[in-house]
Amino acid sequence: MEDWDEIHGFGSPGEYARFLLWIAEAVAEGALREIPVGSRYSEYCEERWYRAVSGQAWRVVGPDFPFTGAFLKVE
């Protein structure tokens, strides 16, 4: 099972960009696969959902000032 922590806000645009690269690598390696977005976190932010090999779904919510983005488990 993955040992990932939720992220409640990215420290900078650069940190968010690096995180998106990490997500792309995880998809390429098969650790994550993109799935359709269910109930959206916000109608104003870009959002993508992923499912880990463990079955846990995760959402990546892009920053939209003053909101700084998030990486959260989908319950």
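No lab work stands behind these numbers, since they all come straight from the coordinates. Just so you know, these numbers come straight off a predicted model, no measurement behind them. Cβ placement follows ideal geometry from the backbone for every residue including glycine, while neighbour counts extend to all protein chains displayed.
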**OP:** Could you work out the local net charge near residue 53, counting Lys and Arg as +1, Asp and Glu as -1, over the other residues with Cβ closer than 13 Å to its Cβ?
**Re:** -1
**OP:** Considering the options 68, 20, 30, tell which one lies farthest towards the positive end of the dipole of the chain, charges being +1 on Lys and Arg and -1 on Asp and Glu at the Cβ, about the Cα centre.
**Re:** 30
Subject >> Over the chain, relative contact order from alpha-carbon pairs under 8 Å, at least 6 apart, % >> reply: 33
**OP:** Using the 2.2 N^0.38 Å rule of thumb for compact globular proteins, work out how region 24-75 stacks up: its C-alpha Rg over that value, please.
**Re:** 1.15
**OP:** Give the calculated FRET efficiency between residue 44 and residue 2 to the nearest 0.05, with a Förster radius of 30 Å applied to their Cβ-Cβ distance.
**Re:** 0.60
Subject >> Inter-probe distance in nm under a simple model that places probes 7 Å from Cα toward Cβ, at residue 37 and residue 54 >> reply: 2.5
Original post:
Once the Cα atoms of helix 13-29 and of the chain are each reduced to a long axis, what angle between those two axes, in degrees from 0 to 90 to the nearest 10, is obtained?
Top reply: 20
**OP:** Could you list the chymotrypsin sites (Phe, Trp or Tyr not before Pro) in region 9-75 that lie in coil according to DSSP, counting only those with at most 14 other Cβ atoms within 10 Å of their Cβ?
**Re:** 44
Original post:
Treating the beta-carbon of each Lys and Arg as +1 and of each Asp and Glu as -1, no other charges, what is the dipole magnitude of the chain about its Cα centre, to the nearest 20 debye?
Top reply: 160
